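Values quoted throughout were computed directly from the atomic coordinates according to the rules given, and no laboratory measurement underlies them. Keep in mind that what you see is a predicted model, and the values were worked out from it rather than measured. Please note: Cβ atoms are built from the backbone with ideal geometry, for glycine as well, and neighbour counts cover all protein chains shown.
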Amino acid sequence: MSMRQKGNRQRIYCIANLIPYGKVATYGQIAKLAGCNPLFVGYALAALLDDSDTPWHRIVNRHGQVSIRNDGKPDANQRIALQQEGVCFNVHDRIDLTKHRWAGPTLDWLVEHGFDPINQEGDT
């Protein structure tokens, strides 16, 4: 079964698991690769079990910030996990995406794993 035939969550988790230590991706970047809406990426990550190995903490908003949670505050654990990987925040609590942003999988990887690199949507 190709990735095109799998659900959005499986595609999102597959891509998220590729983000290397010390790098981040944006919700829009993951959404574009998975062929879904950036909001769905957030919902899928929120649905992960606490003991999941998927590196959800490496996905941030398009401004390079840890996203706000239901209580109106950024997730302190996410920030700590990123800092432990060497990801730096500036005085405005933003990550320098030019330094820490993951370039994403290669076109060959996308095709080999059944992703459709032509029909993608989402903001980066």
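Points worth noting:
- Computed from label points 7 Å out along Cα-Cβ, the spacing between H63 and I80 is 2.4 nm.
- Assigned charges on the beta-carbon of Lys, Arg, Asp, Glu; the chain dipole about Cα centre (debye): 200
- Sequence-distant aspartates and glutamates (8 or more away, or on other chains) whose Cα lies within less than 17 Å of K23: D53, E85, D93, D96
- Mean Cβ count within 10 Å, highest first, over the residues of peptides 69-80, 52-63: 52-63, 69-80
- Dipole of the chain [Lys/Arg +1, Asp/Glu -1 at C-beta], most positive-end residue of I30, N77, Q10: I30
- Rounded to whole Å, sorted largest first: equivalent-ellipsoid semi-axes of the chain, Cα gyration tensor: 24, 15, 13
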